[in-house]
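Laboratory data are not the source of any read-out in this text; all were calculated from the coordinates shown. Predicted model only: the values in this text are computed from it and were never measured. Because the Cβ atoms are built from the backbone with ideal geometry, glycine has one as well, and the counts that use them run over all protein chains shown.
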Amino acid sequence: MKNNTVFVLLLLIVLGGGYFLMSKSKPAPEIAAKVEKKVETEKSSATDKTFEVKGLNFAFDIKEIKVKLNDKVKINFTNTEGMHDFRIDELGAKTNIIKTGETDSLEFVASKVGTFEYYCSVGQHRTNGMWGKLIVE
Ligand SMILES: [Cu+2]
């Protein structure tokens with residue numbers, strides 16, 4: 001009778017210990033997934049891309065700008081010659097029309113995937129070649 005009691009107690013300890021180990025090891029992958037997700041979120045919200053673009057008669061010195069979806073983008077537009085601005089209609093982004101030697105900046109979130117044209121809205125500058133492509137991937 002005493003031997004039986006000891007056996008039952010041992011069995012309970014072994015089973016209990018096994019259960020404890022299993023329940024302890026189970027949540028680990030979930031925590032790892034959560035940490036990974038958090039890092040990813042922080043990365044995308046912290047991404048900031050700045051471009052220095054120059055305007056001249058009648059072109060931008062950068063013909064193509066590539067960013068990732070939801071990037072926060074900043075364009076520092078410097079005019080080296082004439083009167084120009086920098087616009088992207090689809091993203092509601094534009095600078096003021098500025099004179100030679102001036103700089104104006106614009107910021108936007110690349111909220112849509114696609115290829116958008118940026119251009120100068122002054123006179124016939126756009127048709128004269130003052131445009132480029134913003135590619136959001
Ligand atoms: Cu222009």
For the range 60-68, what does the Karplus curve 6.51 cos²θ - 1.76 cosθ + 1.60, with θ = phi - 60°, yield as ³J(HN,Hα) per residue in whole Hz, taken in order and with x for Gly and Pro? 9, 6, 10, 8, 8, 10, 10, 9, 9
Where labels lie 7 Å past Cα in the beta-carbon direction, separation of GLU52 and GLU81 in nm: 1.9 nm
The size of the Cβ-based charge dipole (Lys, Arg +1; Asp, Glu -1) of the range 47-136 about the Cα centre, to the nearest 20 debye, is 220 debye
Treat each spin label as a single point 7 Å out from the Cα along the C-beta direction, and report the ASP61 to LYS99 distance in nm. 2.2 nm
Given HIS84, SER121, SER111, which one lies farthest toward the positive end of the charge dipole of the range 47-136, if we put +1 on the Cβ of every Lys and Arg and -1 on the Cβ of every Asp and Glu? SER111
Once every Cα of the range 58-137 carries one equal point scatterer and solvent is ignored, give the base-10 log of I(q)/I(0) from the Debye formula at q = 0.12, 0.20, 0.21 Å⁻¹, two decimals. -0.30, -0.83, -0.91
